[in-house]
1. Rounded to the nearest 500, what is the chain's calculated 222 nm mean residue ellipticity when only DSSP H runs of at least 4 contribute -39500 (n - 2.57) each, over all residues?
2. So what is the orientation-averaged projected area of segment 96-181, using the convex hull of its C-alpha atoms, in nm²?
3. Pop out the Kirkwood hydrodynamic radius of segment 282-344 from its pairwise C-alpha distances, inverse of mean 1/r, in Å to one decimal.
4. What does the accessible area of Arg320 come to, in Å² to the nearest 10, when a probe of 1.4 Å is used?
5. Which whole-number percent gives the relative contact order of segment 109-239, counting Cα pairs below 8 Å spaced six or more residues apart?
6. Dipole of segment 185-242 (Lys/Arg Cβ +1, Asp/Glu Cβ -1, origin at the Cα centre): which of Thr187, His228, Pro216 lies farthest to the positive side?
7. Could you work out the equivalent-ellipsoid semi-axes for segment 58-148, taking the square root of 5 times each eigenvalue of the Cα gyration tensor, largest first, in whole Å?
8. Among DSSP beta bridges whose residues both lie in the chain, state the antiparallel percentage, nearest 5.
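The values are calculated or read from the model by the stated rules, or taken from the named source; none is laboratory data. Not measured: the values here are computed from a predicted model. We place every Cβ from the backbone using ideal geometry, glycine too, and count neighbours over all the protein chains shown. Side chains are part of the model used for accessible areas, which takes the heavy atoms of the whole protein and leaves out ligands, DNA and RNA. Shrake-Rupley method; radii C 1.70, N 1.55, O 1.52, S 1.80 Å.
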Amino acid sequence: MKEIAIIGGGIVGATAAYLLSKDEKNSVTLYDSADGQATKAAAGIISPWLSKRRNKQWYALAKDGATYIAKLAKETHMDSKTYLQSGTIVTRKETAALNELEDLANKRKLTAPEMGTIQRVTAQEIQKRLPLVTADLQGIFISGGARIDGNRFVKHLLRLSEQNGVQIIRKKAELLNNQTIQVEKDTQQFDTIIICAGAGIKELLAPLGYEVHVHPQKGQLIELQVPHYQDDVLAPVLMPESEKDFMPIGDGRLIIGATHENDAGFDLKFTQEAFEDLFESAKKIDNRLSKDDLIATRVGTRAFTDDFSPFFGQLPNDPRILVASGLGSSGLTTGPLIANLMVSLLNTTNDFSNYQKRISTYFS
């Protein structure tokens, strides 16, 4: 029996717990205080194929991550409020830029058939799919794109994990050494410890003498009450150029976000400044919105690295500890695959150089 601990119950930790729980030879304990957890506050888009980021390793991870999360959603019977391939629309203001985007989409579909249908859409076609939109937009529709509710996703996987015997301790955990975890005054030893606590990894690994090059990033989003229309549950997600993501999620609800604030530390207070920024962005897409439509806010803390790339794998010089952090705003896309890859290290040695730089890059 392998005694395995997971510190962090976000999208990586919850997925790892579920995967490990499928093997009865594993005894798994997950620790998570959930304070400021990025996934808990996140609702996002799974549609990496039109990203123009030049980091080829990140794109490979995100592309394969989108494929894996669809497989995981099917395997675990997630409902449509948790994960739904609703399609995504990415807009461009200039026709030349839209032509370039369409060319990129067709090129990338050659190695990513899961993109599904690629269709150029006019303002009228966008408004037919998304009656909320009043702006004059043009874009590219990708049928394989999806939306995800991070909080529901995590709760779903943790519920399945508990059914399979995972013990969940909702308290703050500390590392005493590479095998021992302390919670309040209680200590316990493990064969393997998996740390996926976002920017909290810095504090966790400090007692072991590691300096981790990650930073906290504050993300805020808003939820608005909007008119319900036929098939709004199935509406595609809009990624408008130079504006915040515009995500109808059904039942007359609309999510706008999120912000990317690199200087706010671990502050979890929702700010009026963020509301004004998010609302004004949404207003450019639907000019009928009112500030009185606000029904909810969410705030979380992501982790990001100096090169805005995630890292994961065995801790340098200590294979008993596995780590993952720096996922940033693409964590909902890459997190489940990262968890799967880390879990694979318990049974075999793998090279993940196609997905990331050497993990030692992010430690000193």
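1. -9000 deg cm²/dmol
2. Numbers: hull surface 44.4 nm².
So the Cα hull casts an average projection of 11.1 nm².
3. 14.7 Å
4. 100 Å²
5. Normalised by residue count, the contact order of segment 109-239 is 18 percent.
6. Value computed over the given set: Thr187.
7. 25, 18, 9
8. Roughly 70 percent of the beta bridges in the chain run antiparallel, per DSSP.
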